[in-house]
Amino acid sequence: MSPRPALVPEPTPAPTGPALSPVIRERASARTSDRVYDELVSAIRELRLAPGASLSETELAERLHVSRTPVREAIARLADAGLVRVVPQVGTRVGLISLREVEEARFVRESLEVSAFEAACAGPAPDVSGLRELLERQEHNYRAEDYNAFFAADEALHAGIFALSGYPGAWQVVQRTKLQLDRLRRLTLPDKAGVRVLIDEHRSIVDVLEKADVAAGRALISRHARRAMELAPSLRDKHPDYFTD
C-alpha cells in the first residue's frame, strides 16, 4: 500500500510537530466545531500547519475524526479571524505571517508584561521558586533538544510573572493577540544558540524580579520581547513564502 500523502505540501522546509490531534467531545456542552477550531488554531500557532499551506475539508475531517460540517464551521471562523484565506474556485490556505500584526502583538506583550513585572515587585517579596523550577525545565529541554517542550516552559514562565502580579487574566489577553508573534517565534526553533540566549534572559528576569529591581526588569523584558522582531528580516529571507506585509 502506498504511504498516505502529507496533510499539506510545504513549499519551504519548516519546523515539524505532532500530527493533528483527533477531536473528542469532553462534555455535552462542548460543540465539536469549537474543539476543531481550537485544534486548528493551535496547529497554526505551532506551525504544524505552515503559513500558506492548502487545507482540505475532507482530509482535515479524516485527520480530526469528525464530519466535514464542524470543519467547515471552524474554517469559516478561522477566515473571519484572518487565520486562513478562502479563495472561491481556488481553495483554502493558512494565512501568511503578518509582520505588521507581529509588531502590534510585540507592543501589547511588552507593555502588559512590563506592567505585570512592576505590579509583582510592588508587594511583598515575590516567591519565584516556581519560576526557578521552570528555568530548570527549560535547561533540561535545551539539553534534550526538545524545543516543543521548551516553548511550553517558556510560555509557562511568562504566565507565572503575570500570576505573581495578581493579574493572571492579563496573560490571556496577551495570548489572544500574539498568534502571529508565536508563529515567528516558532520559526526561530530549533536554534540551540538562540534558545541558550532566551534561557539566560529568562534567568536574568527572574533574578531581578526576586530583588524587586523594577528598572532592571523593565529593560530586560523590553529587550527580551523585541528579540523575535530583530530576527524577522533573516527569517523572512529564509522562508519568503511564509510572510506578508
If you take every residue apart from Ala120 with its C-beta less than 15 Å away from the C-beta of Ala120, what net charge results, scoring Lys and Arg +1 and Asp and Glu -1? -3
Run the 1.4 Å probe and let me know the accessible area of Thr58, rounded to the nearest 10 Å². 80 Å²
Calculate, axis by axis, the spread of Cα positions in segment 163-245 along the three principal axes, and write the results as whole Å, longest axis first. 44, 28, 19
Mind pulling the angle between the C-alpha long axis of helix 32-45 and the longest principal axis of the chain? Nearest 10 degrees, somewhere in 0 to 90. 60 degrees
Over the chain, with every protein chain in place, what whole percent of the accessible area is carbon and sulfur at 1.4 Å, could you tell me? 53 percent
Treating cross-link reach as a plain straight distance, find the lysines whose alpha-carbon is under 25 Å from the alpha-carbon of Lys192, omitting any fewer than eight places away in the same chain. Lys178, Lys238
Order the following by accessible area, largest value first: Asp38, Asp154. Probe radius 1.4 Å; ligands, DNA and RNA are ignored. Asp38, Asp154
Taking amide H positions as placed in the peptide plane 1.01 Å from N, state which residues far from Phe243 in sequence (5 or more) or on other chains have amide H under 5 Å from it. Ile97
Can you pull the three principal axis extents for the Cα set of the chain, in Å, largest first? 59, 45, 35
What accessible area per residue comes out for the chain, rounded to a whole number of Å², with a 1.4 Å probe? 51 Å²
5 angstrom amide H check on Val84, placed H, neighbours 5+ away: Ala79, Gly95
With r defined as the distance between the Cβ atoms of Glu46 and Tyr167 and R0 fixed at 25 Å, what FRET efficiency is calculated, to the nearest 0.05? 0.45
If you fit an axis through the alpha-carbon atoms of helix 99-122 and take the longest principal axis of the Cα set of the chain, what angle between them do you get, 0 to 90°, nearest 10? 30 degrees
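The values are calculated or read from the model by the stated rules, or taken from the named source; none is laboratory data. Computed from a predicted structure; not experimentally measured. Please note: Cβ atoms are built from the backbone with ideal geometry, for glycine as well, and neighbour counts cover all protein chains shown. Areas reflect the complete protein model, heavy atoms only, side chains present, ligands, DNA and RNA absent. Shrake-Rupley method; radii C 1.70, N 1.55, O 1.52, S 1.80 Å.
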